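Coordinate-derived values only; no laboratory data. Computed from a prediction, not measured in an experiment: that's the story for all the values here. Here the Cβ is made from the backbone with ideal geometry for all residues, glycine too, and neighbour counts use every protein chain on show.
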Amino acid sequence: MEAASLTIDASDVPATPGIGVGTWAWGNQFLWGYDPDQDAELEACFRRAVERGLLFFDTADSYGTGRFHGRSESLLGRFCASLEPTRREALTVATKLAPFPWRLGRRGYRSAFEASCLRLQGKLDLVQLHWSTARYLPWQELPLLEGLADLVQEGRVAGLGVSNLGPKRLRWLHGHLAERGVPLRSVQVQLSLLSPDPIAPGGVAEVCRELGIALIAYSPMALGLLARPAGVAPALSGAPRGLLARRVWPRIQPLLAVMETIARSRGGDVAAVALNWCRAHGALPLAGLRRVSQVDAAAAALSWQLSEAERQELDSLSRTCVAAGGAMPANPFQSA
Ligand SMILES: NC(=O)c1ccc[n+]([C@@H]2O[C@H](COP(=O)([O-])OP(=O)(O)OC[C@H]3O[C@@H](n4cnc5c(N)ncnc54)[C@H](OP(=O)(O)O)[C@@H]3O)[C@@H](O)[C@H]2O)c1
């Protein structure tokens, strides 16, 4: 497989990053109610995203539950393969490999990597460690990462990234890779107005700026809660999202009201405000998209930016919501 050039390379990440497309829902029945009947709409989403300049796609080998194992990568691979080569080359496709307990040692990811390459039909630009094992098997992740660095040095994939790492572990792993001359391109963490920890002083964002690592924000719309106008509670698919909405929704109304005012002034949606808040903090948000209208709302955010005053007001409301119990649950696999 040819290693395509990476637009996510931290050295050329623009001051205000673009917007990526997250594909967790593409194959996940449990949380997102996926059904193969949705595939035509997902393909339409993909094509619209490419047309509108959303050129970074994120998937994972664990996306797709039960009999839909690997479905997100397979769909993305099929959609990419249907593009003409020059358009396909312009995309960056990133996958994440799960550090399951049976994936051990420097070659522990080899067969998983080959399987992902097959499902993605050879279009893979960035491979990421999906989560940190620091809290339960602290010795597992470094050899796995070494194995991914081998793949970069063998020219099998252009870039290497990590996910769900805190500032301390990020700095430590970056140092190991730097000794081998393999750059750590990116780190993906939960970051939204309801999960602002990475932008706190001493947080992941600060380490990224210092070490030249691209910051990628996942769940930037808090699973959709920051993509709806204030008022009537939304009916969200999947029992876990319903439970989350019941707890969080009443506590975020003042934030949503301000987001709506900003959205109206730009002729856009609340979703665009959530995405542009991440961009204002130097992160590339991964918007989970599964409908063409959602792609259009996300792409519209590319045409404007928050003012400094708007960003500060949202920062302050974010802190208030979190203090009032409106925070998203932290990822249990996130390291310190
Ligand atoms: N590294 C990790 O551990 C990790 C963890 C989580 C996610 N991720 C990545 O990050 C991506 C994004 O995160 P996410 O999917 O968790 O959450 P998200 O982007 O915060 O929310 C996605 C959901 O918001 C709703 N939405 C999107 N646009 C909307 C709009 N314009 N109006 C109203 N609702 C809208 C949709 O739900 P409905 O269709 O139900 O309305 C959509 O599925 C994932 O797809 C995945 O690639 C990574």
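Quick check on the range 87-209: of the DSSP beta bridges with both residues there, what percent are antiparallel, nearest 5%?
Beta bridges within the range 87-209, antiparallel portion: roughly 10 percent.
Over the range 10-323, what is the percentage of antiparallel beta bridges among all DSSP beta bridges, to the nearest 5?
Looking only at bridges with both residues in the range 10-323, the antiparallel portion is about 5 percent.
Can you give the three extents of the C-alpha atoms in the range 225-327 along their principal axes, from longest to shortest, in whole Å?
Cα extents, longest axis first: 34, 32, 23 Å.
For Val162, which sequence-distant residues (separation of 5 or more, or a different chain) have an amide H within less than 5 Å of its own amide H, given hydrogens modelled in the peptide plane?
Leu129, Ser186, Val187, Gln188
Would you calculate a helix-derived [θ] at 222 nm for the chain, using -39,500 (n - 2.57) for each DSSP H run of n ≥ 4 and dividing by the full residue count, to the nearest 500?
Result for the chain: -12500 deg cm²/dmol, rounded to the nearest 500.
May I ask for the distance between the Cα centers of the range 66-127 and the range 288-336, given as a whole number of Å?
Here the answer is 27 Å between Cα centres.
Send over the per residue convex hull volume for the range 59-204, Cα only, as a whole number of Å³.
That works out to 135 Å³ per residue.
Counting just the Cα atoms, what span does the range 22-90 cover along each of its three principal axes? Round to the nearest Å and put the largest first.
Ordered largest first, the range 22-90 gives principal extents of 35, 20, 17 Å.
Can you give the Rg/Rh ratio of the chain, where Rg is from the C-alpha atoms and Rh is the Kirkwood radius?
0.94
Taking GluC sites (Glu not before Pro) as candidate sites, keep only those in a DSSP loop with at most 11 other Cβ atoms within 10 Å, then name the longest stretch of the chain containing none of them.
For GluC sites (Glu not before Pro) (loop position, at most 11 other Cβ atoms within 10 Å), the longest site-free span of the chain is 155-336.
Using alpha-carbon pairs under 8 Å, 6+ residues apart, how would you state the relative contact order of the chain in percent?
Across the chain, relative contact order equals 22 percent.
Using C-alpha positions alone, give me the convex hull volume of the range 231-275 per residue in cubic angstrom.
81 Å³
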